[in-house]
Structures are given as structure tokens and as C-alpha cells.
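Report on the following structure.
The values are calculated or read from the model by the stated rules, or taken from the named source; none is laboratory data. Computed from a predicted structure; not experimentally measured. Note: ideal-geometry Cβ built from the backbone for every residue, glycine included; neighbour counts use all protein chains shown.
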Amino acid sequence: MKFQNSAILSLGSNLGNRLQNLQQCIDYVNTNVATVIKTSGVYETPAWGFEGEAFYNCAILIHTTKTAQELLTGLQQAEQNGGRVRSANGEYVSRTIDIDIIAFNDDVISQLDLNIPHLLMRDRKFVLLPLKDVAPEWTHPILNLDITQLIAGTDDASPCTLVHGLTQPLAVFNPKQFKYIAIEGNIGAGKTSLAAKISEDFNARLVPERFADNPFLPKFYKDQARYAFSLEMSFLADRYQQLTDDLAQFDLFSDFVVADYHIFKSLIFSKITLSDDEYQLYRRLFDIMYKDLPKPGLYIYLYQSTERLLQNIKKRGRSYEQDIEASYLDNINRGYLDFIKSVTGLNVLIVDITNRDFVNNQEDYLWLLNEINAKSKA
């Protein structure tokens, strides 16, 4: 299941420095609205529907957690930022920047201010050719025609000439160099969300922890002393089996893998929940399993304050988590930080995201990618 929505946008400019207008708009969208995954080439074409200077047009593929309507609002702000002035009567006029949502997933949307797929796209070569650059296998969800067929069948005979390339915003980030990234954090820290975003944005193999159906988890939250050992052994077996199975499918020399957990979390949680004699037995079993597992190239720990964690837990609404106490979360945080101080041979990045929201705030997400980038350079 996809964590983010995919959308294709068409951008155009015929006033001022057209190429600069496009690039600045792309940068604004990437910084403030959504992650720009891919940009097309720039095509020059005559003004469509009115007399004016020739346009530069391009397309961009984006990922976003926003709805289509929320995305439209963000893009209208991007147009304003780029100096877009709309005519009072709605007629076509020259403009510094114009942004249209051409596609949003495979959705069909018909609203007063938003129609997806764009109603006139099949009649506009300056939309179709850039779209093929960013999504060569895209298929129209209503016409059931792929982009190659749409181009071949268009009645638009106007010239549309490739004239420039564009900077790819994500090119400045290179998390792939780590090959295998494990993302960790306390309950409610957002590790699964970050792993999903990075895997989708950078075409990585995602290894999510599978524990939602663990039968001991709800019991543990009601009676920790009784079910702690059963829960921790169950998690350890599941994590070991999953990592063994999933990582065996990948070539860690050529594939890029992102996991939303690391096997060491088993030690951290068990140290908190188990009695001393139970933990000693558990540790012996853990050490036997751990030596055979691949080690991540980067271990990211997402730190959040306990207050913020409790807010996140309440917001996501899992019934069996609602009675988690602050002291339990404090102990987990302390356990992680103690582990990080003592562990050797692991490339660790601690990121304090207490006042960040990398899911809904694009600037925070880019800040986090910059933190990862800085670690790679270090």
C-alpha cells in the first residue's frame, strides 16, 4: 500500500525569464508543497488560446500526503509566489507561471475548480510530451490510452521543441550510498512514516516491521509482568525471521533497502520489560541470532519528547496503546540512548524531531534529508 499520493503537474511560463520562472517554481513546490521526484525537459511552444509570447513548458512528478484539494491550494500559493496574475474575466493571458494538476494517482475527479485528469490534456502537445518524460508508462484512467497512444492521437499540430533541461531537486540527496538504512524511534515517533517516504521517494526496498497482529501486545499493555517474556520472545522471533527472509531477497551491494526497525530494539525493550534472569536468557538467544544478520549502513534514531509521543499515540488511535504511561516511554527513550552510547560498529544518526512534522511539513522533511546528507559527508 502506498504511503503517499503521486501527482503529475504541468508548468508553463511566457513572461520574463521563462526558464528561471520554471526552476524557481519547481524549487518552491519542492520546499513548501510536495516532494518533486522527477522533472521533464523544457519544451517551447506557441501561446495556446491567445496571442502572446511563446511558452516554456515542463512537467513534474511529485509525491505528497496531501489530498488533491489540499494540493491545489498549495499550488495556487506557488503561483502567487511566482508572480501569477489572473485576468478578471478568466481569459487566457500571458503569465510568469501557470500550474495545472494533470493527474493524481489514477483518480477521476470532477469538481467546479478541479478536474482530473485535466480535461484538455489530450489536445495539448505541450502537456503530453513533458508528461511522457516523467511518466512514460502513464495511462489515462478514463480513456484507457497510454501516453504514447495519446501523443499519436492528438490533433495538436503546433510545434513543441525540446530546448532545455532542468535541475532535479532530489539529486542533492544521496541516501542510497548507505545501501541499508534502519530507522528507529520510540512508540509514535514516526519511524514507519519516514521509512515509507524515503523508500517511495528514492525507490528503495521497504522492510516494514510486521507486528500489528501480535496476539501478546494487547495482553502486555494490560498485564506487563505476566506477558512481557512471551511478547519479547514473539517479537524477537518475528523480527529475526522477517529480516532473514526479506534481506535475503536483496543484494545489499546494489539494492537500496530501508527498514522501519532494527533488531537491536528487541534488546532495548526487553531490558525494560523483563526481569534480570529473563533478560539474561533472552540476551543469550539474541546474540546467537544477531551475529548472522546484515548490519545497516546507517542507523537513524528519531528522538521525540515524551509529551509529543503521547500526543502522536493518541492521534493515531490504536486502542491497545491508549493506556501507555509516560514513564514507560521515558524508559524506552533512555534505553535507546544508553544503547547508542555503548554500541560499537554501528553508524548512528540521532535526530531530534520533537518540534518537527516531516509528514505534513515539507520543509521539515527536507531538513531531515539534509541531516542524513550531512552524515554521509561526515
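With respect to Y299, is the statement that it is in contact with a His (Cβ under 7 Å, 6 or more places away or on another chain), more than 15 Å from G190 (Cβ to Cβ) and either modelled with pLDDT of 90 or more or surrounded by 12 or more Cβ atoms within 10 Å (Cβ to Cβ) (or both) true? Yes, satisfied. The single residue among E232, E278, E307 that is at pLDDT 85 or above, out of contact with any Gly (no Cβ under 7 Å at 6 or more places or on another chain), of a type outside the set (S, T, N, Q) and buried (at least 16 other Cβ atoms within 10 Å of the Cβ) turns out to be E232. Among the residues making up region 194-210, a single one is crowded, with 22+ Cβ neighbours inside 10 Å and over 13 Å from the mean Cα position of the chain (by Cα): V207.
Checked across region 211-223, the condition of being in contact (Cβ under 8 Å) with a residue 24 or more places away in the chain and acidic (D, E) holds for no residue.
For Y180, the criteria (1) under 17 Å from the mean Cα position of the chain (by Cα); (2) buried (at least 21 other Cβ atoms within 10 Å of the Cβ); (3) within 26 Å of Q311 (Cβ to Cβ) hold in every case but one, which is (3).
The set of residues in region 8-25 that are surrounded by 23 or more Cβ atoms within 10 Å (Cβ to Cβ) and in a helix (DSSP H, G or I) comprises N21, L22, C25.
One line per residue, one yes/no per condition, for (1) under 27 Å from W367 (Cβ atoms); (2) in a loop (DSSP other than H, G, I, E, B):
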{"residue": "K2", "(1), (2)": "yes, yes"}
{"residue": "S6", "(1), (2)": "yes, no"}
{"residue": "I37", "(1), (2)": "yes, no"}
{"residue": "E51", "(1), (2)": "no, yes"}
{"residue": "Q69", "(1), (2)": "yes, no"}
{"residue": "E79", "(1), (2)": "yes, no"}
{"residue": "V93", "(1), (2)": "no, yes"}
{"residue": "I102", "(1), (2)": "no, no"}
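Whether a residue is in contact with a helix residue (DSSP H, G or I) (Cβ under 6 Å, 6 or more places away or on another chain) and within 30 Å of K66 (Cα to Cα) was assessed, and R318 does not pass this test.
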